[in-house]
Amino acid sequence: MDFKQIEAFVNVVRYKSFSKAADATFFTQPTISTHIRNLEKEMGVRLLDRKRRVVEMTPQGAKFYKYAVEMINARAQAFEALSEMDENIGGILEIQTSSIPGVTFLPDLLAGFRSEHPGIQYYVSMSDTQTVVDNISDRIGEIGFTGEDVSSGSIECVKVATDSSVMIAPASFSVKGSISLSDAISYPFIWRETGSATRKTFEAAALACGFEKDEFEVAALVDDMDAIIRSVEAGLGVSIISEKIASTLGGRVSVVDIKDFNEDRSFYMIKLKSISLSPAAEAFSQYVKEKLDRDQ
């Protein structure tokens, strides 16, 4: 077993494709395939399921992946410790993010960090808060951004931003300004998936006011923010989204404040405790914390 084989395996998992992993690492696809095949032969188990359109890990591969990432990160940390070129940080930094951080403050952080470290490349996967937590716990990504505090014995959280939520409705929406929560739930909703922190927060506020989940009329469940906005534009229903995102939409939709729902949302950077991060992830984490200190 050598590190090229391990890196090939990790990159195929990250990109869910042999060809994309080859492009990202400047190897040929046959080289990536050979590395994976030799690794599986040496370990005596199949690590990847190649039968599906998207390459997935087998149960044995999922177990090995955590150790593979640790080995790669520990190796990179060792080289960094012995090198005098600590400022020349490069490599691929894999980030897991929920949708609101992914389209609001995260792009600025990525651009700022890369301006200091041009050798960095990003692989950003956007989902909901629960999926981000699950992926970080499974070592799929080193740094995550979530819409709720998910601190635990294994996960460290750092608050990085705040925002509020508003309701968006079609541009032709007759009510302007603000409405009550009881009026809001009378409209058909376009909801995020159940792991969405925005959805959880709103449902909790409604529950506190005496409304149950089954009182909402659900027009659609959509797991993509742009698709939600376009669906609202088309008149399918209303939705609850970030005020910062809503402020960028101009006249595409009506932005409606809900008087009974005025809780600020906090967003967090997360990582696993007590594991070796890659030099890129370690430096990015430190960059975010220092930027927070400067902005306060």
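The values are calculated or read from the model by the stated rules, or taken from the named source; none is laboratory data. Keep in mind it's a predicted model, so treat the numbers as computed, not measured. Heads up, the Cβs are rebuilt from the backbone with ideal geometry, glycines too, and the neighbour counts pull from every protein chain shown.
The residues of region 118-130 that are closer than 25 Å to D23 by Cα, touching a helix residue (DSSP H, G or I) at 6+ places or on another chain (Cβ under 8 Å) and not hydrophobic (A, V, I, L, M, F, W, C), listed by number, are Q121, Y122, Y123, S125, S127. Residues in region 259-282 that are assigned by TED's automatic domain parsing to the domain that holds G102 and touching a Leu at 6+ places or on another chain (Cβ under 8 Å): 4 in all. Whether a residue is in contact with a Pro (Cβ under 7 Å, 6 or more places away or on another chain) and at pLDDT below 90 was assessed, and I140 does not pass this test.
Sub-8 Å Cβ pairs linking a first residue in region 7-19 that is within 19 Å of K51 (Cβ to Cβ) to a second residue that is among the acidic types (D, E) and surrounded by fewer than 23 Cβ atoms within 10 Å (Cβ to Cβ), at least 6 apart or interchain, are K16/E56, ordered by first then second residue. Taking region 133-159 as the range and being touching a strand residue (DSSP E or B) at 6+ places or on another chain (Cβ under 9 Å), under 23 Å from I92 (Cβ atoms) and in a loop (DSSP other than H, G, I, E, B) as the test, the residues that pass are R139, I140, G141, E142. If I filter region 70-101 down to residues being modelled with pLDDT under 85 and in contact with a strand residue (DSSP E or B) (Cβ under 9 Å, 6 or more places away or on another chain), which single residue comes out as nearest to M269 (Cα to Cα)? Restricting to residues being modelled with pLDDT under 85 and in contact with a strand residue (DSSP E or B) (Cβ under 9 Å, 6 or more places away or on another chain), the top hit is I92.
Listed here are the residues, each with its yes/no results for (1) in contact with a helix residue (DSSP H, G or I) (Cβ under 8 Å, 6 or more places away or on another chain); (2) among the hydrophobic types (A, V, I, L, M, F, W, C).
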| position | (1), (2) |
| --- | --- |
| S33 | yes, no |
| V55 | yes, yes |
| Y65 | yes, no |
| I89 | yes, yes |
| S99 | yes, no |
| E116 | yes, no |
| V132 | no, yes |
| N135 | no, no |
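Residues that are without any contact (Cβ under 8 Å) to a residue 60 or more places away in the chain, more than 16 Å from the chain's Cα centre (by Cα), buried (at least 17 other Cβ atoms within 10 Å of the Cβ) and more than 30 Å from T25 (Cα to Cα): does region 148-169 have at least one? For region 148-169, residues without any contact (Cβ under 8 Å) to a residue 60 or more places away in the chain, more than 16 Å from the chain's Cα centre (by Cα), buried (at least 17 other Cβ atoms within 10 Å of the Cβ) and more than 30 Å from T25 (Cα to Cα): absent. Within region 247-265, restricting attention to residues that are in contact (Cβ under 8 Å) with a residue 24 or more places away in the chain and out of contact with any strand residue (DSSP E or B) (no Cβ under 8 Å at 6 or more places or on another chain), which residue is nearest to R230 (Cα to Cα)? Of everything passing the filter in region 247-265, R252 is nearest to R230 (Cα to Cα). For first residues located in region 124-139 and more than 15 Å from C157 (Cα to Cα), partners that are hydrophobic (A, V, I, L, M, F, W, C) and assigned to a helix (DSSP H, G or I) and lie 6+ apart or on another chain with Cβ distances below 6 Å form the pairs R139/V69. You will find that of S33, S125, the residue that is closer than 30 Å to I245 by Cα and of a type in the set (S, T, N, Q) is S125 and no other.
I'd like the residue in region 103-132 that is part of a strand (DSSP E or B) and among the hydrophobic types (A, V, I, L, M, F, W, C) and, out of all such residues, is nearest to V13 (Cα to Cα). Filtering first and then ranking leaves V124.
Residue check: Q286 meets all listed conditions (1) under 28 Å from R199 (Cα atoms); (2) surrounded by fewer than 15 Cβ atoms within 10 Å (Cβ to Cβ); (3) not acidic (D, E) but one, namely (1). Applying a threshold of 8 Å to beta carbon distances and a minimum spacing of six or more residues, or different chains, the list of pairs starting in region 271-296 at a residue that is on the phi < 0 side of the Ramachandran plot and in a helix (DSSP H, G or I) and ending at one that is of a type in the set (S, T, N, Q) and surrounded by fewer than 20 Cβ atoms within 10 Å (Cβ to Cβ) reads P279/Q77; E282/Q77.
In region 31-60, which residue that is part of a helix (DSSP H, G or I) and in contact (Cβ under 8 Å) with a residue 40 or more places away in the chain is surrounded by the most Cβ atoms within 10 Å (Cβ to Cβ)? Of everything passing the filter in region 31-60, M43 is surrounded by the most Cβ atoms within 10 Å (Cβ to Cβ).
Residue count for region 251-275, restricted to those that are crowded, with 18+ Cβ neighbours inside 10 Å, within 22 Å of T97 (Cβ to Cβ) and either of a type in the set (G, A, S) or at pLDDT below 90 (or both): 1. When you look at A234, is it more than 30 Å from E7 (Cα to Cα), buried (at least 16 other Cβ atoms within 10 Å of the Cβ), of a type in the set (A, V, I, L, M, F, W, C) and out of contact with any Lys or Arg (no Cβ under 7 Å at 6 or more places or on another chain), yes or no? In short, no.
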